[in-house]
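Chemist: I'd like to ask you about the structure that follows.
The values are calculated or read from the model by the stated rules, or taken from the named source; none is laboratory data. Predicted model, so just to flag it, every value in this text is computed and none were measured. Reconstructed Cβ throughout: ideal geometry from the backbone, glycine too, with neighbour counts over all protein chains shown. What goes into the accessible areas is simple: the full protein's heavy atoms, side chains included, and nothing from ligands, DNA or RNA. Shrake-Rupley method; radii C 1.70, N 1.55, O 1.52, S 1.80 Å.
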Amino acid sequence: MADIKNLKGVSESDKKLIEDAEALLGPEPTSMGFVKNLFWGNLREGLAFPYPDQEARESAECDQLLARLDDYLRTEHPATLIDQDQEIPRWVIDRLFELGVLGMTIPKEFGGLGLGITSYNRVLERIGASCGSTAVLVSAHQSIGCKAIMLFGNDAQKQLWLPRLAKDRLSAFCLSEPNVGCDAGGQETRCEKSEDGEYYVINGEKKWATSGAISSVFTVMAKQTVVDRKTGKQTEKVTALVCSPGMEGLDIFQKNRSKCGIRGTWQARIRFTNVRVPKFNLLSEEGRGLNVALTCLNYGRCTLSAGMLGGARRVRDQATKWAQTRYQFQRPLSDFELVKKRIARMAALDYAMDAVLYMTTGMLDRHDEDIMVETAICKVFCSEMGWQVVNDGMQIMGGESYMTENEVERIFRDSRINLIVEGANEAMQSFIWAYGGKKLLESMLTVQGAVGWDGDESLGRNLSRMMKNGLNPAVFRSAFPLGLELFLGVRRRAPHINAISPQLREQADRLCATVREFSHQYKLACKRYREAMINRGAVQARLADSAIWIHAWACTLSKLDSDLRHGGEGLEFERDRSAALHFFDLAECGVHMNFRELYENPDDTMLAAAAAAMTHNDTLPNNQFIIPERSPVARGTGRSPRPEGVKQFPGDAPAREGMVKSG
């Protein structure tokens with residue numbers, strides 16, 4: 001199979017970027033997941049139809065937990081005070097432990113409830129409807145904090161740490177740094193083995209560690225020099241280590257910073273100075289830290305989506321109620337078509353978000369092998385569409401929605417961060433394009449190398465190679481249909497969904513036709529841009545967004561099919577059925593808009609305008625602006641943020657005792 005890095009015209013820096021990404025992601029799974037198949041024009045029906053169901057016993061256990069949680073959230077939980085005071089009180093954390101919420105995914109043998117991923121996200125959705133800050137605290141503890149120990153800890157580590165993490169101690173995940181955001185592989189914090197081999201010595205700094213200042217256990221990512229088992233050469237890899245605030249040299253020098261939304265959560269800054277971590281605390285293996293991080297992020301991206309769904313649903317219902325009871329011009333707002341447009345969109349997007357989220361958790365619960373693209377899509381779709389729903393609700397409610405006493409204002413602020421964290425959506429778009437279509441692109445490059453024209457070769461060498469390979473039956477079977485499609489526009493046959501309710505046959509066939517056209521447009525874009533595609537983020541985003549719409553369409557179709565088969569009836573079902581049908585139209589329009597913009601777009605003027613804006617910006621003095629603290633080109637030249645009137649959260653000294661003994 002051809003290698004993307006070997007495309008002619010690919011710069012050395014781009015080759016290095018691709019190499020780093022491949023090392024970060026690890027080997028391809030043996031079978032392609034649902035979304036990767038979409039790029040090929042296939043629809044693996046068995047992965048999405050029928051819609052995943054929860055096992056009855058676990059569903060009943062989750063229902064009981066939700067009933068207890070709902071009573072607490074309605075009668076005790078101080079959501080507004082948490083937001084205004086910028087802190088989640090310890091008694092709230094204790095109540096969540098008491099309810100079982102903060103240990104719900106930890107196995108029963110370690111004192112948790114042992115619930116699956118779908119149940120966990122149902123709980124996060126309910127919390128998100130009441131308090132975004134609390135949803136983030138719960139998610140940080142279980143999705144990425146103790147999840148690393150649950151998935152990668154050995155028996156002794158689990159026995160030591162999990163019982164307390166299920167009962168009364170929080171955990172944190174230390175990945176981000178002053179110079180590391182989406183570039184997870186660019187860790188500057190380092191760890192090296194001590195001379196006696198009994199410890200790892202960490203030096204560096206971590207940033208944005210949610211709950212770091214109130215946690216007893218941290219999973220810390222650090223760069224380490226290790227020996228590659230295959231080559232025998234030294235290389236730089238990331239290692240995952242478990243630390244505690246009681247370790248000598250570990251300084252939580254800032255507990256938190258005041259922020260726009262999720263104000264009750266605390267994000268710590270932590271400095272490591274020759275911190276000696278016992279070798280017992282190594283998670284997985286040396287150099288496997290990014291595998292730990294990326295696996296945990298699969299879960300975090302779902303719970304982020306669940307919290308967003310809960311908030312969006314609350315806004316949908318509140319804004320719709322407002323539209324029906326708020327009168328202007330002697331008529332309710334809901335009489336006006338542009339308000340109806342927003343009401344319909346809120347209903348459609350909420351139903352689709354639900355469909356995408358619980359399709360993804362179903363895949364995780366059944367341990368599907370290839371789900372990294374699906375979890376990325378879940379995060380992007382739910383954060384973008386949830387933000388759209390909340391924005392629609394704000395607009396419908398007008399000035400009232402902007403008042404602090406109104407929960408919609410808080411949900412609005414809490415929602416914005418979801419487009420940034422767990423992988424900024426722009427980075428996720430490039431990832432979905434690259435990782436989703438990687439195998440197809442490599443297959444196309446293989447055909448190109450076998451029978452395509454190479455401008456660097458002579459006429460004779462080109463003809464000789466093309467004739468030799470063209471007579472190879474295996475090459476011909478791949479090259480002939482690809483050539484027909486790329487040069488004559490002959491599409492491959494559309495996929496077909498067999499197990500679908502008769503009422504939804506039209507929508508299913510439209511989906512399948514769109515899958516075929518998506519694959520065709522992806523191939524044409526790769527042919528048109530060739531190696532330039534690596535840096536054409538706007539083009540990548542159009543293809544990625546098309547994949548996102550199509551995947552969401554398939555999830556929503558499967559969910560509605562399941563609702564119909566379960567005998568859905570009543571006003572709530574009719575709302576959801578109508579919402580789903582509207583979403584199919586929204587998705588189809590969204591995909592077609594992206595296809596059109598592959599040919600008619602403002603990219604040329606966009607690039608020129610961006611260049612001109614940046615050139616002018618270079619004339620503005622840095623000392624008037626906030627500059628990244630570790631900028632490689634302007635470090636120390638910007639102005640400091642003004643702290644006056646902003647609540648400060650300085651660190652404590654000395655650090656509290658933790659759960660992990662130091663050297």
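Chemist: Just name the residue that is nearest to the chain's Cα centre (by Cα) out of those in region 274-314 that are β-branched (Val, Ile, Thr) and outside any strand (DSSP E or B).
Modeler: Thr303
Chemist: If I filter region 570-583 down to residues being in contact (Cβ under 8 Å) with a residue 24 or more places away in the chain and more than 23 Å from the chain's Cα centre (by Cα), which single residue comes out as most open to solvent (accessible area, probe 1.4 Å)?
Modeler: Among them, the one singled out is Arg575.
Chemist: Taking the conditions exactly as written (surrounded by 24 or more Cβ atoms within 10 Å (Cβ to Cβ), touching a residue at least 12 places away in the same chain (Cβ under 8 Å), over 17 Å from Leu283 (Cβ atoms) and not basic (Lys, Arg)), does Leu175 satisfy them or not?
Modeler: Answer is no for this residue.
Chemist: Mind checking which residues of region 114-156 are touching a residue at least 12 places away in the same chain (Cβ under 8 Å), farther than 23 Å from Ile371 by Cβ, open to solvent by 20 Å² or more (accessible area, probe 1.4 Å) and of a type outside the set (Gly, Ala, Ser)?
Modeler: Taking region 114-156 and keeping what is touching a residue at least 12 places away in the same chain (Cβ under 8 Å), we get 115-153, 156.
Now drop any that are not farther than 23 Å from Ile371 by Cβ, which leaves 126-127, 129-134, 137, 156.
Of the ones still in play, those that are also open to solvent by 20 Å² or more (accessible area, probe 1.4 Å) are 126, 129-130, 156.
Once the filter is applied, which keeps residues that are touching a residue at least 12 places away in the same chain (Cβ under 8 Å), farther than 23 Å from Ile371 by Cβ, open to solvent by 20 Å² or more (accessible area, probe 1.4 Å) and of a type outside the set (Gly, Ala, Ser), region 114-156 yields only Arg126.
Chemist: Looking only at residues that are open to solvent by less than 30 Å² (accessible area, probe 1.4 Å), out of contact with any Cys (no Cβ under 9 Å at 6 or more places or on another chain) and assigned to a strand (DSSP E or B) in region 216-238, which one is farthest from Gly186 (Cα to Cα)?
Modeler: Val226
To keep it simple, each residue is scored yes or no on (1) surrounded by fewer than 22 Cβ atoms within 10 Å (Cβ to Cβ); (2) closer than 23 Å to Glu198 by Cα.
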site: Ala240; (1), (2): no, yes
site: Asp251; (1), (2): yes, yes
site: Lys255; (1), (2): yes, no
site: Gly261; (1), (2): yes, no
site: Thr265; (1), (2): no, no
site: Arg269; (1), (2): no, no
site: Thr273; (1), (2): yes, yes
site: Lys279; (1), (2): yes, yes
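Chemist: Same structure, new question: Listed residues Leu338, Leu309, Leu297; which is modelled with pLDDT under 95 and either open to solvent by less than 10 Å² (accessible area, probe 1.4 Å) or of a type in the set (A, V, I, L, M) (or both)?
Modeler: Values: Leu338 fails: modelled with pLDDT under 95; Leu309 fails: modelled with pLDDT under 95.
None of the other options fit; the residue is Leu297.
Chemist: Let me ask something additional. What residue, among those in region 60-83 that are under 28 Å from the mean Cα position of the chain (by Cα) and either open to solvent by 70 Å² or more (accessible area, probe 1.4 Å) or β-branched (Val, Ile, Thr) (or both), is nearest to Leu115 (Cα to Cα)?
Modeler: Asp63
Per-residue answers, yes or no, for (1) in a helix (DSSP H, G or I); (2) touching a helix residue (DSSP H, G or I) at 6+ places or on another chain (Cβ under 9 Å); (3) surrounded by fewer than 24 Cβ atoms within 10 Å (Cβ to Cβ):
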| residue | (1), (2), (3) |
| --- | --- |
| Tyr358 | yes, yes, no |
| Leu364 | yes, yes, yes |
| Asp368 | no, yes, yes |
| Ile411 | yes, yes, no |
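Chemist: In region 143-178, how many residues are under 20 Å from the mean Cα position of the chain (by Cα), assigned to a loop (DSSP other than H, G, I, E, B) and of a type outside the set (Ser, Thr, Tyr)?
Modeler: Count: 1.
Chemist: Does Leu607 fit the bill of being at pLDDT 95 or above and under 29 Å from Ile497 (Cβ atoms)?
Modeler: When the stated conditions are applied, Leu607 does not pass them.
Chemist: What do you reckon, is Thr210 modelled with pLDDT under 95 and polar (S, T, N, Q)?
Modeler: no
Chemist: Shifting gears a bit: Under 8 Å by Cβ, and 6 or more places apart or on different chains, what pairs join a residue from region 506-524 that is among the aromatic types (Phe, Trp, Tyr) with one that is modelled with pLDDT under 95 and part of a helix (DSSP H, G or I)?
Modeler: Once the first residue is among the aromatic types (Phe, Trp, Tyr) and sits in region 506-524, its partners that are modelled with pLDDT under 95 and part of a helix (DSSP H, G or I) give Tyr522/Gly437; Tyr522/Leu440.
Chemist: When you check Thr637 against the structure, is it of a type in the set (Ser, Thr, Tyr) and without any contact (Cβ under 8 Å) to a residue 24 or more places away in the chain, yes or no?
Modeler: Answer is yes for this residue.
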